[in-house]
1. Taking residue 41 and the conditions (1) in a helix (DSSP H, G or I); (2) over 17 Å from the mean Cα position of the chain (by Cα); (3) free of Cβ contacts under 8 Å to residues at least 40 places away in the same chain, which numbered condition does it fall short on, given that it satisfies the others?
2. Take residue 111 and tell me if it is over 30 Å from residue 28 (Cα atoms), in contact with a helix residue (DSSP H, G or I) (Cβ under 9 Å, 6 or more places away or on another chain) and assigned to a loop (DSSP other than H, G, I, E, B).
3. Taking interchain pairs and intrachain pairs at least six residues apart, which have beta carbon atoms under 9 angstrom, with the first residue in region 18-35 and in contact (Cβ under 8 Å) with a residue 40 or more places away in the chain and of a type in the set (Asp, Glu) and the second part of a helix (DSSP H, G or I) and loosely packed, with under 10 Cβ neighbours inside 10 Å?
4. Name the residues in region 17-55 that are over 14 Å from residue 75 (Cβ atoms) and charged (D, E, K, R), would you?
5. Please go through region 44-65 and give me each residue that is in a helix (DSSP H, G or I) and of a type outside the set (Gly, Ala, Ser), ordered by number.
6. Identify, by number, the condition in (1) at pLDDT 75 or above; (2) surrounded by 11 or more Cβ atoms within 10 Å (Cβ to Cβ); (3) among the hydroxyl-bearing types (Ser, Thr, Tyr) that residue 59 doesn't meet.
7. Within region 64-120, take every residue that is modelled with pLDDT of 80 or more and of a type in the set (Asp, Glu) and give me the one that is nearest to residue 40 (Cα to Cα).
8. Just to be sure I understand, how many residues within region 66-84 are part of a helix (DSSP H, G or I) and farther than 13 Å from residue 29 by Cβ?
Amino acid sequence: MGMMKEFKSFAMRGNVVDLAIGVVIGGAFGKIVGSLVDDIITPAVLTPALKAAHLTNLSDLVIPGTAIKYGNFISTLLSFTIVAFALFLMVKAINAAKKKEEAAPVAAPEPSAQEKLLMEIRDALVKK
């Protein structure tokens with residue numbers, strides 16, 4: 001039974017739970033950004049280029065006589081760039097929010113009754 005308690009304390013530590021939540025939220029965020037890239041941005045950016053090349057799909061961009069599909073690579077590269085930029089903006093916003101929290105000045109704690117009495121004694125001795 002000791003090993004089960006030890007495992008439970010390990011699995012329920014704050015860092016492990018926070019990491020699990022981060023992975024789940026990251027996966028959901030990845031799907032949102034992936035849809036944004038695949039369904040909105042890529043067609044908007046690449047449709048004119050594909051029409052100029054007389055193509056209908058990025059996977060049609062291949063090096064003639066080979067199986068190298070550089071169109072898929074361009075699409076993946078574009079997706080990565082947009083995801084990285086979206087994460088950069090998120091981290092920047094989180095850091096800005098943290099700076100605002102840190103910028104709030106912390107009021108000095110009021111001296112205790114004993115400290116007040118000692119200050120009065122000090123001030124009285126200075127006057128003499």
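The values are calculated or read from the model by the stated rules, or taken from the named source; none is laboratory data. All values reported here derive from a predicted model rather than from experimental measurement. All Cβ positions, glycine included, derive from the backbone under ideal geometry; neighbour counts span all protein chains shown.
1. (3)
2. Yes.
3. Listed by first residue and then by second, the contacts come to nothing, as the list is empty.
4. Within region 17-55, 18, 31, 51 qualify.
5. The first filter runs over region 44-65 and keeps only residues in a helix (DSSP H, G or I), leaving 44-52, 58-60.
The answer is 45, 46, 47, 48, 50, 51, 58, 60.
6. Single failed check for residue 59: (1).
7. Step by step, filter region 64-120, then rank; the result is 110.
8. Going through region 66-84 one residue at a time, the tally reaches 12.
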